[in-house]
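Reviewing the structure listed below.
The values are calculated or read from the model by the stated rules, or taken from the named source; none is laboratory data. It should be emphasised that the depicted structure is a prediction, and the values quoted were computed from it without experimental measurement. Cβ placement follows ideal geometry from the backbone for every residue including glycine, while neighbour counts extend to all protein chains displayed.
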């Protein structure tokens, strides 16, 4: 009996050790991912109009366990600066793009943010680290359900996910300080524009599932007038200095 | 008895299989990756030469069985390899990140090359076995392929691609049964084989259904709950899938103004090959439901002048037709290439679309857009080219390899010629960042106006943009101050930005939809000014206007930019790469590498490379280098000519599908007849003379065609299609006849002088054909199709000069 107990204790210690080791490995990987993003941002600073991203955004990137949001088979790539497939023809975006998108909507702790297209829930988790309330809508049922469970399991109680058509926004919780539209949109839904607070910002990545071509920021000024800004998340100008 | 019938059937099935694979993989993947996969798979032809040079002795010893077995294996593997290939989870978009993807791709190449390998081994074996009848056999091969190219087009009109695949596999197995009869094998075997041919038709249908990549537009839409395919139609023009999404509407209105208060009504999505969605709007006769069509950038022309007669090019599901109706246009000519698309609106969904295509004001024409305009006697108040390709495909540069005669300088000239006084041409494209399409179109319009003799193009152009789309207007006349005021009002009311109008101040640009710099405005100014040339040279994408000789509007690739983009790959830079062109280069590189390997392999394995002393010893013998050069040149030149002339004739026949089918079949059939005719030179041992005659003939014809086809086509443009097809065939016949002779005569000559090089020549020719198809496109992108023709003629000349002397 004693032997069994000892064995059990030994196995338990081993398991805990392995778990701690895994957590450390992930933490390190996350840290180097954050460093890679910071380096990229420094290079792109001129075009993003800033030297570095909001330190709070970077802290969130360093906190959220991205490996929990990717399929088990892709975990070893979780902290690589690349998009990953999450099933149902959907992807989890490149961390660099997630960081820039989050930064562009200038999240403040008291903000209430709407996300259209939950996917794995990673963007929602990043936002939940930064603001009071996150509301996220997903159109694909299995994704909505797994993201809901995942976010709850990780303790993101301030992020709410619901299954539905993002076109109509989340009327009961409107207005929002910012809206993130990650689901492809043929045009910007008028209800979403309406649910954006004056002075608020909406961000829409445009491109394919694996490659974001450009980011569109819609700004609603205090008078309710809209302007859009199209941003290339890359240090690249189409013309040389001559023109 | 020589197995000419089984060879013809086998060739027909193999060529059909090649075209069908292209269709299937364009549905499963994207066109350009389909192109790469199938190009590489065709190296199976080259590999057969290698295999034969190593194993021909043993195989020839058991000829009838070996031949029948290879024919049978073609039929079986055509189906089996496709089924296996469907299980490979290749995702082109992950190639740069996922180390497994290149292996998946390689497995696809290998699997799909097998059927071609078996077909080519069978034909090569037959050529070796019946050397004295080479020209006859080669003729059967070409004639079969010619019939196959027509056959598959006809088949795709009546059968879905997966059924067509089963039928081709069955055809391959039947060819084996036929072969066993021709070679007098036991009747039982023939019957057994004929019975086996039923096998592909008995498999469960679900096995062969094309499994779309989950990242294609159609797959994405089907993820929405309630969305489902309600109807499918197939033709060689593509697989049309009609999708309804009753729970969550499709809401397709690209570029809709941010200030629009309403969106589109209920819509059905119509996908071509799982992408390029167009929509059919539910039309219940209430024009107010279509107010959204006035909130798109493409509505601009209707606000500048009241159009009486409008031409919509690429009408698709009819959104632009509805837009014209919404703006009270009296007569609309709607041109759509795909008759099945028109049928959807006229028959299956007539009620849903409110019988849009049967409206009194609407006249539908099933025709190719440019051909229709060229042949039209009318002059229009507005010509609207508003069909958008899908954004992700357009943005990835995926169309770079597609020739398009809609957006060339000559095409724009044709449209301008058919505008009424003060009429407008309107073209809407996606806004990409950095800007590409819209600017290339602007440059094209400037060039077209100049060529048409308008010294001040800056008076005749305007360009506006929403956050998503841009609309270019070209006027047959100068824009008036009133029109410019109307344009400003139109933009202001919709939060659109003018990018160019005559006399536009810089402050007007970039206000509502802000870019880091007013790129569109700057570029338009530069393209109209003296520094246009320098601007085009410095811009990081290729904006040089496409022409009919270099019809690659969608190719924006520049080598100068690649390094910079690759440096930015970790920073979201990869989307900037123009994939289509790179895929072409990568395909060429891989094909070159594999070809070299395939050609060198037998020599390395068997040490068959003749030593210099051996070559010199027999002065009469043909050196391996000379043989290598001859068959390489022929392999390259044959397809160069074929591909270049297909393109030239597309402009004449104006229907890409008919042009390809007619030209390809005519080339193969008449080359087959030429090959048959050349037998007399082989029989009399005057192969060299035959080669010289044929090559002289084709060089003269090629040069004459190069000079005269353009003017001749303009002269005969108005003839009915059937007459044009007859003229096409008449023109191709003598050229193709000459082109069919050098290859079998070369083989025959080789047989008499250096027979051990025969399989090797077969392999070199196979590899060269693969390289040739890729190289022809690459050369056409850079130098134009005329250069491709000239190069082909030079290659033929060089080959004849080097080899013809030998006899």
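For this structure, a couple of remarks:
- Condition broken by residue B:61, with the remaining ones in (1) closer than 22 Å to residue B:109 by Cβ; (2) over 31 Å from the mean Cα position of the chain (by Cα) satisfied: (1)
- Hey, residue B:67 over 30 Å from residue A:75 (Cα atoms), in a helix (DSSP H, G or I) and under 28 Å from the mean Cα position of the chain (by Cα) or not: no
- Just one residue in the set A:62, A:152 is more than 11 Å from chain B (Cβ to nearest Cβ), at pLDDT below 95 and either out of contact with any helix residue (DSSP H, G or I) (no Cβ under 9 Å at 6 or more places or on another chain) or farther than 25 Å from residue A:213 by Cβ (or both); that residue is A:62.
- Number of residues in segment B:327-356 that are closer than 22 Å to residue B:379 by Cα and buried (at least 20 other Cβ atoms within 10 Å of the Cβ) equals 7.
- Against the conditions (1) loosely packed, with under 14 Cβ neighbours inside 10 Å; (2) more than 25 Å from the chain's Cα centre (by Cα); (3) modelled with pLDDT of 90 or more, residue B:700 satisfies every one except (1).
- Annotation: residue B:436 fulfils all but one of (1) at pLDDT below 95; (2) surrounded by fewer than 24 Cβ atoms within 10 Å (Cβ to Cβ); the unmet one is (2).
- All positions within segment B:87-108 that are buried (at least 17 other Cβ atoms within 10 Å of the Cβ) and under 20 Å from residue B:169 (Cβ atoms): B:108
- Note on segment B:244-270: residues that are within 14 Å of chain A (Cβ to nearest Cβ) and under 30 Å from residue B:656 (Cβ atoms) total 7.
- Candidates in segment A:161-209 are the residues that are within 14 Å of residue A:233 (Cβ to Cβ) and within 8 Å of chain B (Cβ to nearest Cβ); of these, the one that is modelled with the lowest pLDDT is A:207.
- Residue within segment B:575-584 that is closer than 30 Å to residue B:766 by Cβ and within 12 Å of another protein chain (Cβ to nearest Cβ) present: yes
- Of the numbered criteria (1) surrounded by 15 or more Cβ atoms within 10 Å (Cβ to Cβ); (2) in contact with a helix residue (DSSP H, G or I) (Cβ under 9 Å, 6 or more places away or on another chain); (3) in contact (Cβ under 8 Å) with a residue 24 or more places away in the chain, the one residue B:509 fails is (3).
- When residue B:285 is tested against the conditions (1) assigned to a loop (DSSP other than H, G, I, E, B); (2) more than 13 Å from chain A (Cβ to nearest Cβ); (3) at pLDDT 90 or above, the lone failure is (3).
- Verdict on residue B:667 being crowded, with 19+ Cβ neighbours inside 10 Å and closer than 30 Å to residue B:132 by Cβ: yes
- Among the candidates B:262, B:298, B:241, the residue that is more than 27 Å from the chain's Cα centre (by Cα) and either part of a strand (DSSP E or B) or in the same structural domain as residue B:489 (by TED's automatic domain parsing) (or both) is uniquely B:298.
- A single entry from B:548, B:497 fulfils the requirement of being under 30 Å from the mean Cα position of the chain (by Cα) and more than 8 Å from chain A (Cβ to nearest Cβ): B:548.
- Some residue of segment B:89-102 being at pLDDT 90 or above and assigned to a helix (DSSP H, G or I): no
- Residues in segment B:512-535 that are under 23 Å from residue A:202 (Cα atoms) and out of contact with any helix residue (DSSP H, G or I) (no Cβ under 9 Å at 6 or more places or on another chain) were compared, and the one that is farthest from the other protein chains (Cβ to nearest Cβ) is B:517.
- Scope segment A:144-162; condition more than 15 Å from the chain's Cα centre (by Cα) and either part of a strand (DSSP E or B) or crowded, with 22+ Cβ neighbours inside 10 Å (or both); matching residues: A:162
- Residues that are touching a helix residue (DSSP H, G or I) at 6+ places or on another chain (Cβ under 8 Å) and in a strand (DSSP E or B), drawn from segment A:197-211: A:201, A:202, A:203, A:205, A:206, A:207
- Residue within segment B:110-123 that is more than 14 Å from every other protein chain (Cβ to nearest Cβ), assigned to a helix (DSSP H, G or I) and either touching a strand residue (DSSP E or B) at 6+ places or on another chain (Cβ under 8 Å) or more than 28 Å from residue B:201 (Cβ to Cβ) (or both) present: no
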